[in-house]
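A quick write-up on the structure given underneath.
The values are calculated or read from the model by the stated rules, or taken from the named source; none is laboratory data. All values derive from a computational prediction rather than experimental measurement. Glycine also receives a Cβ, built like all others from the backbone with ideal geometry; neighbour counts cover every protein chain displayed.
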């Protein structure tokens, strides 16, 4: 199993409806590919952890690299791991800018539940993994 973490800048600020649509399509594709993970969105920044079969992960990342909805893609981690951090999540999700999504998305944790760290400032894969893990553990059910 491989674990990959990347960050990028959105080319536009996603509306709540656009984020819900992005999450739905990501969950569908990840389920079909056997991938799990976590996505953070804050101030037009994405931070995402994906885990699963190396070939499915490579295919997904290739698709991400040509997606025009974001730019400045940086791969922070691409390592083999024995177990996934988020085995039950086809895509855990945090939009740490907008509390109104809390009512619309199962598993969503609003920003006010704990301090925000801007994903755009993260340049180290270990720091990114820790941030994603903390968001995952502290999410409101």
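Descriptive notes on the structure:
- Here residue 54 meets the list (1) in contact with a strand residue (DSSP E or B) (Cβ under 9 Å, 6 or more places away or on another chain); (2) within 21 Å of residue 134 (Cα to Cα) almost entirely, failing just condition (2).
- Filter result for residue 90 (part of a loop (DSSP other than H, G, I, E, B) and surrounded by 13 or more Cβ atoms within 10 Å (Cβ to Cβ)): yes
- Test: residue in segment 109-116 that is modelled with pLDDT under 90, assigned to a loop (DSSP other than H, G, I, E, B), in contact with a helix residue (DSSP H, G or I) (Cβ under 6 Å, 6 or more places away or on another chain) and more than 13 Å from residue 5 (Cβ to Cβ): yes
- Being in contact (Cβ under 8 Å) with a residue 12 or more places away in the chain, more than 19 Å from residue 85 (Cα to Cα), surrounded by 20 or more Cβ atoms within 10 Å (Cβ to Cβ) and out of contact with any helix residue (DSSP H, G or I) (no Cβ under 7 Å at 6 or more places or on another chain) holds for only one residue in 45, 8, and it is 8.
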